[in-house]
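Right, one structure below, let's go through it.
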Amino acid sequence: MPGFELFGDAERNEVQDVLNSGVLMRYGFEGLRQGHWKAKDLETAIEKRFQIKHAQLVSSGTAAVSMALAASGVGAGDEVIMPCFTFVASFEAILMMGATPVVVDIDDSLTLDIEAVKAAITPKTKAIMPVHMCGSMANLEALKSICKDNALLLIEDACQAIGGTYKGQALGTIGDLGCFSFDFVKTVTCGEGGVVITNNTKYAQHLDHYSDHGHDHIGQDRGAEAHPFLGYNFRISELNAAVGLAQFRRIDEFLSLQKKHYEILRNALEPLDGVRFRTVPKGGVESYAFLNFFLEDLETARAVIKAFGDNGIDVCFHYFDNNWHYIRKWGHLKAKKSLYPLSPSIQAGLKLLKTKDFSKSDHFIGRNISCLIKLSWSEALVKQRAKTMADCIRKVCSSI
Ligand SMILES: *Cc1c(COP(=O)(O)O)cnc(C)c1O
């Protein structure tokens, strides 16, 4: 996944270009910048590649999710349904807007369980936020229809699945708004950065103004601009955008490497008894950022991840026990460890979370192993890894 593995002259030249003009800010300074607009150019490239009307670059993927909520009017008293398997940014972004995260089960797609989503809808629900974890998507057709029936927003967190598609459409472009992260370990990186994409012109205007203190960006005198509503600073710098611009031009090269490496690994594991792959919703094509599979039970998954480690197979994750991506490790959220007072509605929501049953998700996450697909691996190395992984699984399964 990480695009930084393949940094080269293209990235260096774009950054040098910004340093030469001396304008590190994305707005204004028309005279000085000699026609160099890295953030703008990257937005245009994203709009073109994903066939979407508007792209708003921001300072991070987490900022992108917060901004998507703000731009579509989600705030205090509103509930946002999100999965229990996701990066912590999901609930951070919801809390930042004063809304309440409603955390629900996932299924064997490793994304939102549709029945759990339906059961979680209340009169306060404002949005559903599927997170396309580890390169593959939620059942977007089912979610779209739930959103339509209940007048809810659909906000896609596609931070880990850039380049994946669903029924021929790019992930991130299917909901009312979509978010990508360009942080240091994502398929395309700016170092730090993110983007919100939408076809809704009103939301696009909100994003443009909100991410820059509410500036309306009319005219060429920043000091004289109007502020139609309150905003914040979620701007990306030109230096970060320059890296992203060079990286984004290489997205197809990166995606084809991910696919090639994924297929070698998958083909090696496919014939093994006791290995089952995640369900990809009908019509979905993964971004191939990760290879995800299930073993028979928790004990086997623990033994396999240990065998991988002992045999030099890195970048594979058993999220049940390690990392921050599963509800079991969100003690700080359940204990409401906030530096500042939380609203009564958020407190009530988090109290419910403390005792909520996630055994259905435990069943899937407990048996799941997710292996990151690197871009810099040579074909020989991927083949060697595939063989070692298959050997480890065979050995563990025959001894349990
Ligand atoms: C990386 C990531 C984010 C946040 O992105 P940052 O740019 O690191 O803030 C949000 N959601 C998911 C699923 C991610 O993987």
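When all protein chains stay in place and ligands, DNA and RNA are ignored, the 1.4 Å accessible-area order of Leu239, Leu69, Leu152, largest first, is Leu239, Leu152, Leu69.
Within the full protein context, the accessible area of Lys40 is estimated at about 90 Å² for a probe radius of 1.4 Å.
Amide H contacts of Gly175 (H built 1.01 Å from N, in plane; Pro and chain starts excluded): Glu156 sit under 5 Å, all sequence-distant by 5 or more or on other chains.
Between Leu272 and Ser145, the modelled labels are 3.6 nm apart [label points 7 Å from Cα along Cα→Cβ]. One chain, two ends: Lys395 and Phe7. Fully extended at 0.36 nm per residue, the span grows by 135.9 nm beyond their Cα-Cα distance. Once the Cα-Cα distance is subtracted from the 0.36 nm per residue extended length, the Gln347 to Lys334 segment shows a gain of 3.7 nm. His227 exposes around 100 Å² of accessible area when a 1.4 Å probe is run over every protein chain in place. Contact order, relative form, for segment 3-250: 27 percent (alpha carbon pairs under 8 Å, 6 or more residues apart, mean separation divided by residue count).
Based on alpha carbons, the Rg and Dmax found for the chain are 21.5, 73 Å.
By the Cβ rule of 4.7 Å, the chain holds the following cysteines without a possible disulfide partner: Cys84, Cys134, Cys147, Cys159, Cys179, Cys190, Cys392, Cys397. Accessible surface comparison of Ser287, Ser378, probe 1.4 Å, protein chains only, largest first: the order is Ser378, Ser287. Sorted largest first by accessible area at a 1.4 angstrom probe radius, with every protein chain in place, the residues Arg235, Arg328 fall in the order Arg328, Arg235. Angle of helix 38-50 to the longest C-alpha principal axis of the chain, folded into 0 to 90 degrees and rounded to 10: 50°. In this structure Asp107 has an accessible area near 30 Å², from a 1.4 Å probe over the protein heavy atoms.
The values are calculated or read from the model by the stated rules, or taken from the named source; none is laboratory data. Just so it is clear, the model here is predicted, and its values are computed rather than measured. Note that we place each Cβ from the backbone using ideal geometry, even for glycine, and neighbour counts take in every protein chain shown. We work out accessible area using only protein heavy atoms, side chains counted, and drop any ligands, DNA or RNA first. Shrake-Rupley method; radii C 1.70, N 1.55, O 1.52, S 1.80 Å.
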